[in-house]
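Working notes for the structure below.
The values are calculated or read from the model by the stated rules, or taken from the named source; none is laboratory data. Treat the numbers as computed from the prediction; the structure is a model and nothing was measured. Every residue, glycine among them, receives a Cβ derived from its backbone with ideal geometry; neighbour counts consider all protein chains shown. Only protein heavy atoms, including side chains, enter the accessible area calculation; ligands, DNA and RNA are left aside. Shrake-Rupley method; radii C 1.70, N 1.55, O 1.52, S 1.80 Å.
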Amino acid sequence: MKFLPQLLSLALLTSCLTMTSCSSKKENESDDQKPGIEKTTYGQLPDGQTADLYTLRNAAGMTAQITNYGGIIVGLKTPDKDGKFEDVTLGQDSLSSYVKNNPYFGALIGRYGNRIAKGKFTLDGKTYDLFINNMGNHLHGGKVGFDKVLWTATPVEGDEPALKLAYTAKDGEEGYPGNLSVEVTYTLQKDNALKIDYKATTDKPTVVNLTNHTYFNLTGGAKRDILDHVVTLNADKLIAVDQTLIPTGELKPVAGTPFDFLKPSVVGSRINDSTDTQIKYGGGYDHGWVLNGSGDSLKLAATVYEPTSGRVMEVRTTEPAIQFYTGNFLDGSVTGREGFPYKKRYALCLETEHYPDSPNHPAFPTTELKPGQTYKSTTIYQFSTKK
Ligand code: BGC
């Protein structure tokens, strides 16, 4: 089983030497392989620990590659309207590149997704100080967030293969109270959907807001920026922010603003409308939208369509908000797996989560977790095509 991919590549190489159809075969190579999960060694971390790479494959040929370093989705190949499989995410070419400098490509984010103002919050009368790593604020769990730790991985075989990742954050880690035991399960479903289930428990009151930070570009292979992608967000209200992207507390109706994505809208059509203060503060879109519909059930949060490839991505979540970020801070300094620099707006992120800075906004849905409670959250990214 472990040597199967090598044997297949050897077979492919041999057929490449004798056949002319090699490249189209290679594009669709996932077609002839069985559903399941395969483990290979990804590399060694600076502290000597080994990180692994898991390839999940479904019967339709879709693959998801995930490493237990940061729970990072290293690759996600989905078919376009002609059945050509390509990667729809930004990613790096090796473990060492991820370790050196990763703007959260594909990574699990925790203990708290997005920002906490000035890295401070108060719980049960005690103030906690967190690491400041973004414009005077705390972002994505701090210096060594869940995106930079090694998770314990358990592969689960089946038609819908899954990877269970577990990590326990220590009491005091990055300044947060409580030992937090986290379990994240990635499942590659038959219907070309990647499901992410999050679970966490604590032994002291704490705050939790977990998400995944995959950067999507549905052209496949990040051929160009995402300004032509068409996005729909099921959200009437925006979580307004200040210059440092911290919520002001105002939930602003999107109607009549560049933030109205209730109907399918081209990303680039209003992204540079600098007459809008919120666009100015975000340098484009870098905001949380309050999702319509209440309760913990799965709801359609977002749809993305890329006209040239015909790819469609639907995002469903149990979370109350979604951070729509258009890669405004990408500046070409990170070279991706395609061997060229990922430039401004070469991807979009749809991070399902609670509102940023909730611990400092009692009116926002709570992110507190107490001993005896279980944090639970599910998000599904489903892929299809239309002509
Ligand atoms: C934030 C951005 C940030 C990006 C990468 C997003 O969730 O809102 O401001 O640049 O993550 O860190």
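For the reader, a short list of remarks on this structure follows.
- Subset of the stretch 99-130 that is within 22 Å of the chain's Cα centre (by Cα) and away from the ligand (no atom under 14 Å from the Cβ) - its residue that is most open to solvent (accessible area, probe 1.4 Å): LYS100
- Looking only at the stretch 330-341, residues that are surrounded by 13 or more Cβ atoms within 10 Å (Cβ to Cβ), more than 11 Å from the ligand (Cβ to nearest atom) and not in a strand (DSSP E or B) come to 4 in all.
- Of all the residues in the stretch 365-376, those that are crowded, with 18+ Cβ neighbours inside 10 Å and more than 16 Å from the ligand (Cβ to nearest atom) number 2.
- Considered as a group, the residues in the stretch 137-167 that are of a type in the set (Gly, Ala, Ser) and within 13 Å of the ligand (Cβ to nearest atom) include one that is surrounded by the fewest Cβ atoms within 10 Å (Cβ to Cβ), and that residue is GLY142.
- Residue within the stretch 268-280 that is at pLDDT 95 or above, touching a helix residue (DSSP H, G or I) at 6+ places or on another chain (Cβ under 7 Å) and open to solvent by 10 Å² or more (accessible area, probe 1.4 Å) present: yes
- Of all the criteria given as (1) in a strand (DSSP E or B); (2) open to solvent by 10 Å² or more (accessible area, probe 1.4 Å); (3) β-branched (Val, Ile, Thr), the one not satisfied by THR308 is (1).
- Among the candidates GLY284, GLY288, GLY327, residue that is assigned to a strand (DSSP E or B), open to solvent by less than 10 Å² (accessible area, probe 1.4 Å) and touching a residue at least 24 places away in the same chain (Cβ under 8 Å): GLY288
- Members of the stretch 217-243 that are within 22 Å of the chain's Cα centre (by Cα) and within 13 Å of the ligand (Cβ to nearest atom): ILE239, VAL241
- Within the stretch 342-364, tally of residues that are within 14 Å of the ligand (Cβ to nearest atom) and either among the β-branched types (Val, Ile, Thr) or outside any strand (DSSP E or B) (or both): 10
- Scanning the stretch 243-263 for residues that are open to solvent by 30 Å² or more (accessible area, probe 1.4 Å) and either among the aliphatic types (A, V, I, L, M) or in contact with a Phe, Trp or Tyr (Cβ under 7 Å, 6 or more places away or on another chain) (or both) gives GLN243, LEU251, ALA255, LEU262.
- Residue tally, condition open to solvent by less than 10 Å² (accessible area, probe 1.4 Å) and on the phi < 0 side of the Ramachandran plot, over the stretch 54-67: 7
- In the stretch 68-82, the residues that are open to solvent by less than 30 Å² (accessible area, probe 1.4 Å), assigned to a strand (DSSP E or B) and closer than 19 Å to ASP93 by Cβ: TYR69, ILE73, VAL74, GLY75, LEU76
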